[in-house]
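Everything on this sheet refers to the single structure shown next.
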Amino acid sequence: MSEFHSVRRLPPYVFEQVNRVKAAARKAGADIIDLGMGNPDLPTPDHINEKLIEAVTKPRTNRYSTSKGIPGLRRAQAAYYARRFGVKLDPDTQVVATLGSKEGFANMAQAITAPGDVVLAPNPSYPIHAFGFLMAGGVIRNVPATTGPEFFHALERAVMHSIPKPIAVVTCFPSNPTAEVADIEFYKDVVRFAKQHDLFVLSDLAYSEIYFDENNPPPSILEAPGAFDVAVEFTSLSKTFSMPGWRVGFAVGNERLLAALARVKSYLDYGAYTPIQVAASAALNGPEDCIVEMREIYRKRRDILVDSFGRAGFPVPSPKASMFAWAPIPEKFRSLGSLEFSKLLVEKAHVAVAPGIGFGEHGDEYVRIALVENEHRIRQAARSVRRFLETADETLHNVVPLAAAR
Ligand SMILES: Cc1ncc(COP(=O)(O)O)c(C=O)c1O
């Protein structure tokens, strides 16, 4: 029987394959140190949980909410942009609350894409950046996931040679998975290019608050002159306040794009449960020391990861931001590709990482290591990795024929 049209456009999640190996190892009693998925392990701050509990007991909060978010939540997001970026937003027309930024991104793609439309998406990148558009019937043309001249050369070639002309470009800095950061000059150039070539820009700023260079917090694309003419930006409470399961995010910026998103959402959802929106407003309006504390925890983990893995023989470049390190696969194992290497690491070292291929073909020489286990566990992972690398020749001798047969 032939596969459904939409399902054909969604190959099985690569990460599932590592998850299966992980589950089998756990079933056999292994203690797996899981640095794979970017699933924050830190607790949501108490004052946010308390606000949720209080709101749950209030009358009428059980009713359907509003799909673009309650006014108080949209006002809180506008206040955050004013405070953090010096960007003024109209909460009524320039802010839409979403069920996590992933939902917002996917429904924005749905809202603006006609079948066959070409969209420029970074590779490697967080999967929804490409698959949101593929699901909507669009076509992806890859651009490098970097801020350098090669990015702009790729954009120029794309507008010159794509038929039809591209409708939009996606940016994601601090990048998942590469952890590369962008400065405001980059966004100015992107906006200038987009205006010149009639492109929309979708900027994913999920890691706005997870950065390690105090003097250079990640900027918003909306700080660039003219950005409101072409750009929408997505942010999330998932990482900032360690609220990944709550599903609260935002799209802000260009009014026409946001009106399209709000229209699609009005047919699909009634917004998050009102107490979640009330507590999310309290998060954004509340004290910022919890954000600083979490940032410090990620920074310590990063330093320990870079130091301990480096000494174990697995050099990991130190990320400037995000909760990930993007590490080239150790030389001896590189030809296996990132999926086989990641499976081996689970089987032999009991350490799970995300294979770079899961973020696109240009990620296959890397693995992504998430800072989602505590310092003790990261050191433990490094010890395991050291033993794994010490026996590399033997492992490769035994497993390469097996890997080829898989
Ligand atoms: C770059 C990026 N965008 C979006 C998301 C999804 O965030 P949310 O939980 O808000 O849907 C993630 C989650 O890992 C991410 O890394």
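The values are calculated or read from the model by the stated rules, or taken from the named source; none is laboratory data. Not measured: the values here are computed from a predicted model. Ideal geometry is used to build each Cβ from the backbone, glycine not excepted, and the neighbour counts take in all protein chains shown. Note: areas computed on protein heavy atoms with side chains; ligands, DNA, RNA excluded. Shrake-Rupley method; radii C 1.70, N 1.55, O 1.52, S 1.80 Å.
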## Note on the structure
In nanometres, the difference between 0.36 nm per residue of separation and the alpha-carbon distance of LYS320 and GLU361 is 12.4 nm
### Query
Under a point spin-label approximation (7 Å from Cα along Cα-to-Cβ), what is the GLU3-ASN49 distance to one decimal in nm?
4.1
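From the cross-link list LYS239/LYS300; LYS102/LYS239; LYS27/LYS348; LYS88/LYS188; LYS88/LYS265; LYS239/LYS320, which pairs have alpha carbons spaced over 19 Å apart? Don't skip to the answer; put the middle values down first.
On the way: LYS239/LYS300 16 Å; LYS102/LYS239 13 Å; LYS27/LYS348 15 Å; LYS88/LYS188 17 Å; LYS88/LYS265 24 Å; LYS239/LYS320 16 Å.
Those over the limit are LYS88/LYS265.
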### Summary
Sorted by chain and then number, the residues having a modelled amide H within less than 5 Å of the amide H of MET37, at least 5 places away or on another chain, are none
### Query
Measuring from label point to label point, each 7 Å out along Cα→Cβ, what is the ALA392 to ALA30 span in nm?
1.9
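So what's the projected area for the chain, the Cα convex hull averaged over all directions, in nm²?
Details: hull surface 85.4 nm².
So the Cα hull casts an average projection of 21.3 nm².
When the solvent-accessible surface of protein heavy atoms is calculated with a 1.4 angstrom probe, in what order do GLU365, GLU375 fall, highest first? All intermediate terms of the calculation are to be shown ahead of the outcome.
Numbers: GLU365 105, GLU375 65 Å².
Reading off the accessible areas and sorting them downward yields GLU365, GLU375.
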### Task
Quote to one decimal, in nm, the extra length available between ARG311 and ALA82 on full extension: 0.36 nm per residue of separation minus the C-alpha distance between them.
78.1 nm
### Message
Between MET135 and GLU223, what is 0.36 nm times their sequence separation minus the Cα-Cα distance? Round to one decimal in nm.
### Response
28.6 nm
### Query
Once the whole set of protein chains is in place, how much accessible area is left on THR147, using a 1.4 Å probe, in Å² to the nearest 10?
40
### Query
Whole-Hz Karplus ³J(HN,Hα) for the range 187-196, in order, using 6.51 cos²θ - 1.76 cosθ + 1.60 and θ = phi - 60°, x for Gly and Pro?
5, 4, 5, 5, 5, 4, 5, 5, 5, 5
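Peptides 247-255, 56-64: what's the order by average Cβ count within 10 Å, highest mean first?
On the way: 247-255: 25.0, 56-64: 10.2.
Order by mean packing, descending: 247-255, 56-64.
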### Message
Please list ASP393, ASP213 from largest to smallest accessible area, probe radius 1.4 Å, with all protein chains kept in place.
### Response
ASP393, ASP213
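Which net charge results when you count Lys and Arg as +1 and Asp and Glu as -1 among the other residues whose beta-carbon is under 12 Å from that of ALA78? Kindly include the intermediate steps, with their values, before the conclusion.
Numbers: positive: ARG74, ARG75, ARG83, ARG84, LYS88; negative: ASP90, ASP92.
In short, +3.
Considering only protein heavy atoms, what per residue accessible area in square angstrom results for the range 58-285 with a 1.4 angstrom probe?
Values: 8760 Å² over 228 residues.
Per-residue accessible area for the range 58-285 comes out at 38 Å².
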### Query
Tell me, what % of the accessible area of the range 61-147 is carbon and sulfur with a 1.4 angstrom probe?
55
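Taking only the Cα atoms of the range 58-285, how large is their convex hull per residue, in Å³? Mind dumping the intermediate values first?
Working: hull volume 25.2 nm³, N = 228.
Cα convex hull per residue, to the nearest whole number: 111 Å³.
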### Query
Along the charge dipole of the range 193-238, Cβ charges K/R +1 and D/E -1, which of ASN215, ALA231, LEU199 sits furthest on the positive end?
LEU199
